[in-house]
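Laboratory data are not the source of any read-out in this text; all were calculated from the coordinates shown. The model shown is predicted, which means the values in this text are computed figures rather than measured ones. Here Cβ is always computed from backbone atoms with ideal geometry, including for glycine, and neighbour counts include all displayed protein chains.
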Amino acid sequence: MSKDMGSISPGLEMSGPRPVVLSGPSGAGKSTLLKRLMKEYEGVFGFSVSHTTRNPRPGEENGKGLNCLPMLLGATLLPVADVLSSETSEDYHFVTREKMQEGIDNGEFIENAEFSGNMYGTSKSSIEDVQAHNLICILDVDIQGVKNIKKTDLNPIYISIQPPSIEILEKRLRDRQTETEDSLQKRLEAARIDMELSKEPGVFDMVIINDDLEEAYEKLRSVLIEVQLFYICKKIA
């Protein structure tokens with residue numbers, strides 16, 4: 001369960017473009033859509049790297065996150081097709097439970113949650129890091145994180161990415177081959193709750209059903225351009 005972390009501290013300046021909160025079940029396609037967005041609008045968006053107490057998966061790097069995608073693509077360190085095909089390369093700041101709990105107790109996180117025995121959270125410093133590079137900050141949080149961020153002064157755009165059905169989501173998760181049966185069932189149960197809560201009026205500014213990647217991306221792209229048009233045009237001019 002996420003905990004309310006209260007208002008943003010005075011040191012976290014919210015001037016400039018509104019941040020973007022992206023939420024949705026694991027396997028809904030958030031990472032794929034974000035990577036494509038960052039490829040098209042290089043140097044415009046930056047990903048807020050979350051903290052977690054879980055162990056790194058093979059290939060994950062501490063603190064890398066999606067805000068490094070433009071650099072990877074620009075330097076051709078990774079083929080574009082390889083980057084865009086990965087739905088699981090969401091790197092984190094990997095920390096101990098003691099270290100993360102200390103940060104939570106000190107008010108360093110705007111939201112945090114525990115899932116499957118591991119803690120996850122978004123720190124204020126991770127948002128500041130993106131803002132320091134003059135980028136539009138994107139946060140990837142669960143539904144409880146969304147509700148907690150609504151209690152802060154962050155004032156982001158809230159977008160939910162949802163699968164067309166729980167059956168299709170289950171197939172996507174199984175195709176990854178990264179989950180045990182127990183962890184997969186926990187993700188599916190969390191997804192059922194997420195899918196229902198996303199229907200509540202006023203929770204999200206937009207809900208995108210990702211049954212077709214091209215259509216889902218165009219919807220995401222359109223809403224962000226509409227809201228952030230002036231800033232995006234200024235950045236890419």
Amide H neighbours of Met119 under 5 Å, counting only residues 5+ apart in sequence or on other chains, H built in-plane at 1.01 Å?
Thr53, Arg54
Kirkwood hydrodynamic radius of the range 91-233, Cα pairs, Å:
17.2 Å
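Using per-residue counts of other Cβ atoms within 10 Å, averaged over each peptide, order 20-32, 154-166 from highest down.
Put in order of decreasing packing, that is 20-32, 154-166.
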State which entries of Lys150/Lys171; Lys124/Lys171; Lys151/Lys199; Lys99/Lys171; Lys171/Lys199; Lys151/Lys186 exceed 30 angstrom in Cα-Cα distance in the structure shown.
Lys150/Lys171; Lys124/Lys171; Lys99/Lys171
